[in-house]
Amino acid sequence: MKSDKITKYTLFIASLVILFVSGGMVFSLIGGSIPAFKEFGLQFIFSTEWNPTEDREAYGALPFITGTMFTSILALIICLPLAFATALFIAEYFKRSSLASILSSMVDLLAGIPSIVYGLWGFYTLRPLMIELGWSAQGYGILTSGIILAIMIIPYATSLSAEIISMVPNELKEAAYSLGATRMEVIFNVILPNARSGIIASFILAFGRALGETMAVTMLIGNANVIPKGISGVGNTMASVIANQFGEADGLKLSSLIAIGLLLFLITGIVNAIGKLIIKKLS
Amino acid sequence: MENIDRIKDPILSIKDLSIAYNKGAKYAVKDVNVEVKKNAITAIMGPSGCGKSTLLRAINRMHELYPSIETKGNIFLHDEDIMKMSTIQLRRKIGMVFQRPNPFPTMSIYDNVIAGYKLNGIRISKSERDNIVEQSLRNVALWDEVKDSLFKKGTFLSGGQQQRLCIARALAFQPEVILLDEPTSALDPIATSRVEDLLVELKKKYTIVLVTHNMSQAARISDYSMFMYLGDLVEYGKTKMMFTNPRDSKTEEYLTGKFG
């Protein structure tokens, strides 16, 4: 009885700590961003100005919001066919083959590489390649960042959707085969309909990761506080501008950075909520 | 293994069939020779791991889903070598029902029945479709129970209804043979007896091969029985004969519950 009570209270306190930490984070983000929103109002979200000159200070988040969205959506578009095909390869088409198991451990390996290493590789290998191909003048920008982001989220999307695909019960596939279905027919009529919501969820989660990814993008985005002009243009993302400028920021600028942090927090929250909603509707 | 009575004009003839799951591995089915009578229920019995499911799945080549499997020998449907047929054609002629009811959860009852056509991309008119669905569901005595909820998901049905739906799905192609792999092992006694009655009814139109763990089931509904042990077909003959007067001592031990 007594140990029961101790367990109960320990669990309760542990959960409270988590609640306090996340609540406190939201609280301090909101608190820190109040001066910026007081000064600029909602215009903060739609303004493209970023001027730290004393007495003429003005800050707006739009270039960073668009930068984050452009790079992440581009990454998702690049990642989709590759991750989807790889997941099908690993989890269905060549499952149990040694090639699939090698590939699957490679995917896990990719997922474990620190962001800074991707950034370094992007800087020294991908950037010169972009210049050589003539896709980008200095090799920086949305496209370069989108490619590196795609490479970074492919492992997540792949291993999550491969897991979902391999969870489709064998008996359903056998039922389809016993009706004379071919492999392609089984994939498109049995596996995909049954795994659909899970696959969508894994791509939304991958998108969420792309939104918040900081280090590698900071090294390749070009760090220009403007709305990117097309996919070969330079820009800046919400995470990168914070990483680049928080050290020397104070006053209104610091508050504006915190406000960007709060917006990023909200956007990722909304993306996750949309993902969960889709899953709920489909299942 | 010897036959008491050779089966006249068999629908299936299995000749020197041996199956191993890997090259060089032990045979799961060893040198089986057997003929299956048309419009009859043939039961395959034996303890776990005796090769009965492997033998059954070889008849419509479902065992080939294991890529490393090795098959020797022949199976003939009438006079046609099934190893030379396309699996698509073969599986339309020889349908299959599995141990656990497995209707497609993303499809309605109606779509489940017609799933074979949908999967294979066969286009038929709506009236033809309606007709096939109704006939197949009537054949499994499910029509009256589900005719008002044809467009609900098949997974809302009870286990016994789901299994009958799966039998209807297999019947939709009008196959010649239906293979059933322990079709009642996941069902309660009432649902089991409904499926058994149904199989007895269905043998008028179809040939049924049934793997069962349940000896009394084999005794109740089958006309012919095979007893398999460690991959060998130990005994084969009329069910009544086998249960009253088994020729092999292994068969007798199994039927009297000494092992298995």
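Compute from the Cα atoms of segment A:2-51 the Rg and the Dmax, the latter being the longest Cα-Cα distance, and quote both in angstrom.
In order Rg, Dmax, the Cα atoms of segment A:2-51 give 19.7, 62 Å.
Hey, which aspartates and glutamates would be in cross-link range of B:Lys30, C-alpha to C-alpha under 16 Å, not counting anything within fewer than 8 residues on its own chain?
Straight-distance partners of B:Lys30: B:Glu2, B:Asp16, B:Glu70, B:Asp232, B:Glu235.
Heavy-atom accessible area of A:Val226 with all protein chains present, probe 1.4 Å, nearest 10 Å²?
Spelled out: A:Val226, probe radius 1.4 Å, area about 60 Å².
What FRET efficiency comes out for the pair B:Ser125/B:Glu145, r = Cβ-Cβ distance, R0 = 22 Å, nearest 0.05?
Numbers: r = 26 Å, r/R0 = 1.19.
Efficiency computed from Cβ-Cβ geometry: 0.25.
Subtract the Cα-Cα distance of B:Ser18 and B:Lys240 from 0.36 nm times their separation in residues, and report this length gain in nm to one decimal.
Working: separation 222, 0.36 × 222 = 79.92 nm, distance 2.77 nm.
Stretched out fully, the B:Ser18 to B:Lys240 stretch lengthens by 77.1 nm.
When chain A is treated as a GNM, springs tying every alpha-carbon pair under 10 Å, which of A:Val17, A:Val186, A:Val26 comes out with the largest mean-square fluctuation?
A:Val17
Given a cut-off of under 8 Å on Cα pairs at least six residues apart, what relative contact order in percent is computed for chain A?
On the way: 384 pairs, mean separation 77.5, N = 283.
Once divided by the residue count of chain A, the mean separation gives 27 percent.
Counting other C-beta atoms within 10 Å, and keeping those with at most 11, which DSSP coil GluC sites (Glu not before Pro) do you find in segment A:1-99?
Working: sites: A:Glu39, A:Glu49, A:Glu54, A:Glu57, A:Glu92; in loops: A:Glu49, A:Glu54, A:Glu57.
Within segment A:1-99, the qualifying GluC sites (Glu not before Pro) (loop, at most 11 other Cβ atoms within 10 Å) are A:Glu54.
With solvent modelled as a 1.4 Å probe, how much accessible area in total do chains B and A shield from it at their shared surface, in Å² to the nearest 100? List each step's numbers first, then the result.
Working: alone 12530 and 15710 Å², together 26490 Å².
Buried area between the two chains comes out at roughly 1700 Å².
Going by accessible area, probe 1.4 Å, with all protein chains left in place, what is the ranking of B:Ser193, B:Ser108, largest first? The partial results should precede the final answer.
Working: B:Ser193 50, B:Ser108 15 Å².
Reading off the accessible areas and sorting them downward yields B:Ser193, B:Ser108.
Which length gain, in nm to one decimal place, applies between A:Ile113 and A:Glu39 when the Cα-Cα distance is subtracted from 0.36 nm times their residue separation? The partial results should precede the final answer.
Numbers: separation 74, 0.36 × 74 = 26.64 nm, distance 4.11 nm.
Separation in residues times 0.36 nm, less the Cα-Cα distance, equals 22.5 nm.
How big is the protein assembly as shown on each of its three principal axes, counting only the C-alpha atoms and giving the largest first in Å?
The Cα atoms of the protein assembly as shown stretch 107, 64, 56 Å along their principal axes.
Please list A:Trp135, A:Trp50 from largest to smallest accessible area, probe radius 1.4 Å, with all protein chains kept in place.
Details: A:Trp135 130, A:Trp50 35 Å².
My answer, sorted largest first, is A:Trp135, A:Trp50.
Which residue fluctuates most in the GNM of chain A (Cα springs below 10 Å): A:Ala239, A:Ala249, A:Ala181?
A:Ala181
Provide the solvent-accessible area of A:Ile13, counting protein heavy atoms only and rolling a 1.4 Å probe, rounded to the nearest 10 Å².
100 Å²
Can you give the % of DSSP beta bridges in the protein assembly as shown that are antiparallel, to the nearest 5?
Working: 24 of 42 bridges.
Approximately 55 percent, going by the DSSP bridge assignments.
At what distance in angstrom do the alpha carbon centres of segment A:157-222 and segment A:250-275 lie from each other?
So the separation of the two Cα centres works out to 29 Å.
Given a Förster distance of 30 Å, report the FRET efficiency between A:Ala137 and A:Leu19 from their Cβ-Cβ distance, rounded to the nearest 0.05. It would help to have the intermediate numbers written out before the result.
On the way: r = 49 Å, r/R0 = 1.64.
So the FRET efficiency works out to roughly 0.05.
Rounded to the nearest 500 deg cm²/dmol, what is the calculated helix-only ellipticity per residue at 222 nm for chain B, with -39500 (n - 2.57) per DSSP H run of length n ≥ 4? Walk me through the numbers on the way to the answer.
Values: 11 runs with 90 residues, N = 260.
Taken over chain B, the calculation gives -9500 deg cm²/dmol.
Run the numbers on segment B:83-110: which residues show a drop of 30 Å² or more in accessible area, chain on its own versus all protein chains together, using a 1.4 Å probe over heavy atoms?
Buried-area filter returns B:Ile88, B:Arg91, B:Phe98, B:Arg100, B:Asn102, B:Phe104, B:Pro105, B:Thr106.
Given points 7 Å out from each Cα along the Cα-Cβ axis, report the A:Lys276 to B:Ser216 separation in nanometres with one decimal.
According to this spin-label approximation, the distance is 5.1 nm.
Could you check how much of the accessible area of the protein assembly as shown is carbon and sulfur, as a whole percent, using a 1.4 Å probe? Before the final figure, lay out the partial values.
Details: 15940 of 26490 Å².
That share works out to 60 percent.
Taking springs between alpha-carbon atoms closer than 10 angstrom, which of B:Tyr236, B:Tyr110, B:Tyr21 fluctuates most in the Gaussian network model of chain B?
B:Tyr21
Consider just the alpha-carbon atoms of chain B and return their Rg together with their Dmax, both in angstrom.
18.3, 56
By accessible area of protein heavy atoms, probe 1.4 Å, what ranking do B:Asp79, B:Asp197, B:Asp181 get, highest first?
Values: B:Asp79 145, B:Asp197 100, B:Asp181 10 Å².
The residues order as B:Asp79, B:Asp197, B:Asp181, largest area first.
With +1 on each Lys and Arg Cβ and -1 on each Asp and Glu Cβ, how big is the dipole of the protein assembly as shown about its Cα centre, in debye rounded to the nearest 20? Intermediate results must be reported in sequence, preceding the final value.
Working: 54 positive and 47 negative charges, 208 e Å.
That gives the protein assembly as shown a dipole magnitude of about 1000 debye.
Between A:Tyr124 and A:Lys2, take the C-beta separation as r, use R0 = 51 Å, and let me know the FRET efficiency to the nearest 0.05.
On the way: r = 62 Å, r/R0 = 1.21.
That gives a FRET efficiency of 0.25.
With each pseudo-label sitting 7 Å past Cα toward Cβ, what's the B:Asp81-A:Leu99 distance in nm, one decimal?
So the label points at B:Asp81 and A:Leu99 sit 3.0 nm apart.
To the nearest 10 Å², what's B:Ser185's accessible area with a 1.4 Å probe?
70 Å²
Using only alpha carbon positions, build the gyration tensor of chain A, then give the equivalent ellipsoid semi-axes as the square roots of 5 times its eigenvalues, largest first, whole angstrom. Kindly include the intermediate steps, with their values, before the conclusion.
Numbers: eigenvalues 297, 160, 56 Å².
Value: 39, 28, 17 Å, ordered largest first.
Heavy-atom accessible area per residue, the protein assembly as shown, 1.4 Å probe: how many Å²? Display every interim value, and only then the final one.
Numbers: 26490 Å² over 543 residues.
That works out to 49 Å² per residue.
Kirkwood Rh, segment A:37-174, all Cα pairs: how many Å?
17.9 Å
The values are calculated or read from the model by the stated rules, or taken from the named source; none is laboratory data. Nothing here was measured: the structure is a model prediction, and the numbers come from that model. Methodologically, a virtual Cβ is constructed for each residue, glycine included, from the backbone with ideal geometry; neighbour enumeration extends over all protein chains shown. Please note that ligands, DNA and RNA were not included when accessible areas were found on the heavy atoms of the full protein model with its side chains. Shrake-Rupley method; radii C 1.70, N 1.55, O 1.52, S 1.80 Å.
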